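A.B. asks: Have a look at this one before I ask anything.
Every read-out reported here was derived from the displayed coordinates using simple, explicitly stated rules and does not represent laboratory data. On a predicted model such as this, the values are computed, not experimentally measured, just so you know. Backbone-built Cβ (ideal geometry, glycine too); neighbour counts: all protein chains shown.
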Amino acid sequence: MELLKPAEIRKPFLTPGVAVLLVLAGNGLLFLAARLLFGIGAVANLNNQYPWGIWIGIDVAGGVALAAGGFTTAALCYLMHREKYHAVVRPALLTAMLGYTFVSLGVCIDIGRWYYIWHPIIMWNGHSALFEVGLCVTIYVNVLYIEFLPVVAERFIGRVALPGPLARLNGLVDRGLRALDRGLSKVMFLFIISGVVLSTLHQSSLGTLMVIAGPKMHPLWQTPILPLLFLLSAIAVGFPMVIVESMLAARSFGLKPEMEILSDLGRMTAPLLGIYLAFKIGDMFIRETFVYLMVLDRASVLWMAEILFGVVIPLRMLLSRDVLKSPSLLFTAASLVVGGVLLNRIDNFVVAYRPPYSFGAYHPAIGEIAVTVGFIALLVLMYRAAVMIFPVISLPDKDGAPRTKYAVRG
């Protein structure tokens, strides 16, 4: 296997695709500014009957699930000691860090008084599932940034070049970075373990939040084991998200995808999908909710699409050696899993949620869609900038320098 070493990507930042993303991001920021200045009602179709919409269903619930690659790869490499997969840890960590950052922003803009987002930090409510989610996400975001600090230190150690009068501080800053790197290397395992634990806690608690909704949810999704299903689906989508992100990054920068690693991740995804499918179908038959599939409506069609295209088809594909060896087919299978989990979160938080006293169905406003699309575009732009500044993506090591023990460090 070719020796790989994390390095900065030397490519032009601005491309036609980046220009389109900049337009989408700018448009989203304009609507976001209107929401912050004139209130949530100025850009969103939210009301007393529907207190949340796609900002929670996609930006928060979907974002949390799709950022699961961070804790699944961390568990694989550090808890299971599978050093072969270190090359995908840093990209997964960066994706998780940016994903959870935008999840936090999504929560902030969705609450009516966004400037009170800090209240849960000092106003605890131990009986609230949403409080547990907020607390875990807040801590986990900080853990992710701490885990990324060694990457920042590696980038600037020996290359500190402050301009002008600040140049006299170059030596001091370099020594500080070296001390930070040495200190973090001794305690990083604590942050890795805490990150995995925190992720499993709040992934399931999002499901608990919808269990509390009770009869407001459609029976196809309302189940006492929803916290377990949320956790299992988040674990199952972790590796496919890494595959999708890695292949898109490789194509964007003209790199060769690490098929040996990605194929193994696809192979490990198959049993995880099988476990999730078994619990999903088993729960449906135990509760006898299959009767709702006999009625052809929006709920039944979306439920079947979620299972067929998001679980059954990619599961069958990932059981094939030909698919695992083909970059295009593996990417397709992984994309279906990612799309299926995203659809599941939208179904749970938007489609299935229907208060009995509501006067009509919820439909996202143009402003809500623009902010969501803008956030996604901004996340992609920040990812592209980060891999061009910091040693995140592993490239063939021309000088043959050995890799360090921890992938977050090298």
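A.B. asks: Out of region 206-262, which residues are surrounded by 18 or more Cβ atoms within 10 Å (Cβ to Cβ), in contact with a Phe, Trp or Tyr (Cβ under 9 Å, 6 or more places away or on another chain) and charged (D, E, K, R)?
C.D. replies: Glu245
A.B. asks: Determine whether Thr289 is β-branched (Val, Ile, Thr), over 13 Å from Pro219 (Cβ atoms) and surrounded by fewer than 19 Cβ atoms within 10 Å (Cβ to Cβ). Walk me through how you get there before you give the answer.
C.D. replies: On the way: β-branched (Val, Ile, Thr): yes; over 13 Å from Pro219 (Cβ atoms): no; surrounded by fewer than 19 Cβ atoms within 10 Å (Cβ to Cβ): yes.
Taking the combined requirement at face value, the residue does not satisfy it.
A.B. asks: Determine if region 98-120 includes at least one residue that is of a type in the set (Ser, Thr, Tyr), closer than 25 Å to Val187 by Cβ and in contact with an Asp or Glu (Cβ under 8 Å, 6 or more places away or on another chain).
C.D. replies: No, every residue in region 98-120 fails to be of a type in the set (Ser, Thr, Tyr), closer than 25 Å to Val187 by Cβ and in contact with an Asp or Glu (Cβ under 8 Å, 6 or more places away or on another chain).
A.B. asks: Take Arg345 and tell me if it is in contact with a strand residue (DSSP E or B) (Cβ under 8 Å, 6 or more places away or on another chain) and under 20 Å from Ile56 (Cα atoms). If you could, list the steps in order and put the result at the bottom.
C.D. replies: Numbers: in contact with a strand residue (DSSP E or B) (Cβ under 8 Å, 6 or more places away or on another chain): no; under 20 Å from Ile56 (Cα atoms): yes.
So Arg345 fails the test.
A.B. asks: I need the full set of residues from region 212-234 which are under 22 Å from Gln49 (Cβ atoms), in contact (Cβ under 8 Å) with a residue 40 or more places away in the chain and assigned to a helix (DSSP H, G or I), in order please.
C.D. replies: Across region 212-234, the qualifying residues are Pro215, Lys216, Leu226.
A.B. asks: Another question, then. Please determine whether any residue of region 274-284 is within 21 Å of Thr73 (Cβ to Cβ) and crowded, with 16+ Cβ neighbours inside 10 Å.
C.D. replies: The first filter runs over region 274-284 and keeps only residues within 21 Å of Thr73 (Cβ to Cβ), leaving 274-276.
Now restrict to residues that are crowded, with 16+ Cβ neighbours inside 10 Å: 276.
Yes: one or more hits.
A.B. asks: Here's a follow-up. Out of the residues in region 296-354 that are among the aromatic types (Phe, Trp, Tyr) and surrounded by 20 or more Cβ atoms within 10 Å (Cβ to Cβ), which is nearest to Asp264 (Cα to Cα)?
C.D. replies: In this case the residue turns out to be Phe331.
A.B. asks: In addition: Being within 25 Å of the chain's Cα centre (by Cα), surrounded by 13 or more Cβ atoms within 10 Å (Cβ to Cβ), outside any helix (DSSP H, G or I) and without any contact (Cβ under 8 Å) to a residue 60 or more places away in the chain narrows it down to one of Pro6, Pro51, so name that one. Let's see the steps before the verdict.
C.D. replies: Working: Pro6 fails: without any contact (Cβ under 8 Å) to a residue 60 or more places away in the chain.
Unique residue meeting the criteria: Pro51.
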